[in-house]
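Data first, discussion second: the structure below is written as structure tokens.
What follows is calculated from the coordinates using simple rules that are stated; it is not laboratory data. Worth saying up front: this structure is predicted, and the values here are computed from it rather than measured. We place every Cβ from the backbone using ideal geometry, glycine too, and count neighbours over all the protein chains shown.
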Amino acid sequence: MAMLAIGGLLLLAATVCQIIILVHAFKESLAQGFLSLCVPFYILYYMFAKFEHDKKAMIIGIALGGAIVGNILMQVGVASMAGAM
Amino acid sequence: MVEEGKGPAEAGGWAARVLLSPLCRGVALVILVASFLLPPRGLGFTICWFNRWTGWPCPGCGLTRSVTHVSHGDLLGAVDYHPFGLLVWMLAVALCLLQLGGPRLRAAVQARLAPHERGLRRSYMFLVYAFIAFGVVRMAAAILDDTNLMTHAI
């Protein structure tokens with residue numbers, strides 16, 4: 001259960017950071033926003049190459065790290081809960 | 001008007017940079033052409049890595065099918081897939097017309113928009129936030145739905 005909670009919180013934080021990056025892309029230009037939204041993995045290019053923010057490293061770290069670790073924790077949490085039932 | 005030696009998109013101004021740039025017009029052209037060529041019900045697989053990874057819809061999920069539905073004349077189906085699809089389609093058509101209209105038309109439109117840039121900017125950001133808010137609410141609904149299903153299954 002704790003794993004699910006921590007995983008959920010990490011995913012939430014990652015989503016918030018990805019939204020910050022997406023809003024930045026739309027502010028930069030309509031095209032950048034749509035490319036980040038609709039073209040797979042373009043947002044990865046955008047976040048490293050074009051995204052500018054005082055806390056860029058932290059936002060990218062949470063957006064990527066939080067999504068990966070959060071997802072792993074969620075999967076493990078769901079699997080362990082299903083095993084316990 | 002347009003500064004000397006520069007095209008309308010490079011001459012400055014928020015609208016020129018954010019809405020009317022060559023990249024925006026190119027993306028709009030690709031969106032519009034693809035919306036007529038793609039099948040309205042989609043290709044049968046998702047290109048959204050977020051959706052594939054989590055099973056939940058991202059803010060942009062359904063937008064391609066929505067725009068495709070508009071191009072095929074099914075407005076209700078379009079709104080059903082994504083309420084912003086119709087708006088995106090209209091924006092794409094406007095940008096394509098600007099692309100086809102040439103530099104003089106673009107300069108004229110830019111000159112018309114220049115006095116209203118502040119309002120335009122606010123409306124644009126309002127729509128961006130509304131778009132993301134819709135996506136977040138839809139995602140939260142999907143997550144809650146999943147949680148309910150899991151609870152019932154247990």
Exercise. Just name the residue that is farthest from the other protein chains (Cβ to nearest Cβ) out of those in the range B:18-53 that are part of a loop (DSSP other than H, G, I, E, B) and small (Gly, Ala, Ser).
Key: B:Gly44
Quiz item: If only one of B:Leu86, B:Leu113 is closer than 20 Å to B:Gly26 by Cβ and part of a helix (DSSP H, G or I), which one is it?
Solution: B:Leu113
Self-check item: Every pair of residues 6+ apart whose Cβ atoms lie under 6 Å, when the first sits in the range B:48-65 and is at negative phi while the second is crowded, with 20+ Cβ neighbours inside 10 Å and of a type in the set (Ser, Thr, Tyr)
Solution: B:Arg65/B:Tyr81
Quiz item: Can you tell me how many residues in the range A:46-68 are under 18 Å from A:Leu35 (Cβ atoms) and assigned to a loop (DSSP other than H, G, I, E, B)?
Solution: 3
Self-check item: Whichever residue in the range B:54-65 is facing another protein chain (nearest Cβ under 10 Å) and not in a loop (DSSP other than H, G, I, E, B) and, among such residues, is farthest from A:Leu30 (Cα to Cα)
Solution: B:Thr54
Quiz item: If you check every pair at least six apart or on different chains, which have Cβ atoms under 8 Å apart with a residue in the range B:121-138 that is at the interface with chain A (Cβ under 8 Å from one of its Cβ atoms) first and a residue that is assigned to a helix (DSSP H, G or I) and among the basic types (Lys, Arg) second?
Solution: B:Met125/A:Lys27; B:Val128/A:Lys27
Quiz prompt | Residue identified as crowded, with 20+ Cβ neighbours inside 10 Å and within 30 Å of B:Cys96 (Cβ to Cβ) among A:Ala25, A:Ala67, A:Ala14, A:Ala63 | solution = A:Ala25
Quiz item: Can you tell me which residues in the range A:19-65 are charged (D, E, K, R) and within 13 Å of another protein chain (Cβ to nearest Cβ)?
Solution: A:Lys27, A:Glu28, A:Lys50
Quiz item: Does the range A:52-81 hold any residues that are among the β-branched types (Val, Ile, Thr) and farther than 15 Å from B:Thr54 by Cα, and which are they?
Solution: A:Ile59, A:Ile60, A:Ile62
Quiz prompt | Residue identified as within 17 Å of A:Leu22 (Cβ to Cβ) and crowded, with 17+ Cβ neighbours inside 10 Å among B:Thr68, B:Thr54 | solution = B:Thr54
Quiz item: Out of all the residues in the range B:75-93, which are closer than 17 Å to A:Ala31 by Cβ and either hydroxyl-bearing (Ser, Thr, Tyr) or touching a residue at least 60 places away in the same chain (Cβ under 8 Å) (or both)?
Solution: B:Leu91, B:Ala92, B:Val93
